[in-house]
Amino acid sequence: GIEAYCLTASAMLSQPHGRFVVCENWLNNHRVWSGAKEAGLIIESVQPVRGGARKEHNLFAVYVMKKRSEGVEKGGDDEQLDERDVVLPSLVVRDEHGKWTEEYKRVMQTMSIPVV
């Protein structure tokens with residue numbers, strides 16, 4: 001599960017620049033947060049993705065994490081931010097009519113994928 005991925009990433013990451021980026025089902029969001037904490041990782045950002053504008057819930061999220069430094073004082077840059085501070089607004093893939101949203105089209109263009 002995600003907990004094992006977090007533990008493995010923590011063991012492999014270098015400080016201060018190493019990052020662990022992972023996608024996980026939104027239903028497991030709580031497991032990502034607890035798995036990261038148990039593995040000594042700090043979640044820097046969360047990009048939730050919703051499949052369509054008519055969907056009530058997010059489908060999955062992309063999480064960016066870094067390894068917590070040893071011996072850092074509480075309140076420093078290495079402390080886990082509150083979930084409300086790192087979760088971005090949901091990226092919605094399809095609008096009410098089933099067409100790609102402008103935001104998703106920009107994501108595709110950034111990845112050099114032609115927008116038809």
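The values are calculated or read from the model by the stated rules, or taken from the named source; none is laboratory data. What you see is a predicted model, and the numbers here were worked out from it, not measured in a lab. Positions of Cβ are backbone-derived with ideal geometry, glycine not excepted, and every protein chain shown enters the neighbour counts. Areas reflect the complete protein model, heavy atoms only, side chains present, ligands, DNA and RNA absent. Shrake-Rupley method; radii C 1.70, N 1.55, O 1.52, S 1.80 Å.
Couple of notes before you dig in:
- Test: residue in segment 34-57 that is closer than 30 Å to HIS97 by Cα and either touching a Gly at 6+ places or on another chain (Cβ under 8 Å) or of a type in the set (Phe, Trp, Tyr) (or both): yes
- Whether a residue is at pLDDT 95 or above and open to solvent by 60 Å² or more (accessible area, probe 1.4 Å) was assessed, and HIS57 passes this test.
- Selection of first residues in segment 27-46 that are closer than 11 Å to TYR5 by Cβ and open to solvent by less than 10 Å² (accessible area, probe 1.4 Å) and of second residues that are aromatic (Phe, Trp, Tyr) and not in a loop (DSSP other than H, G, I, E, B), restricted to Cβ pairs under 6 Å at least 6 apart or on distinct chains, gives the following pairs, ordered by first then second residue: VAL32/TYR63.
- Enumeration of residues in segment 13-26 that are more than 17 Å from GLU3 (Cα to Cα) and open to solvent by less than 40 Å² (accessible area, probe 1.4 Å): GLY18
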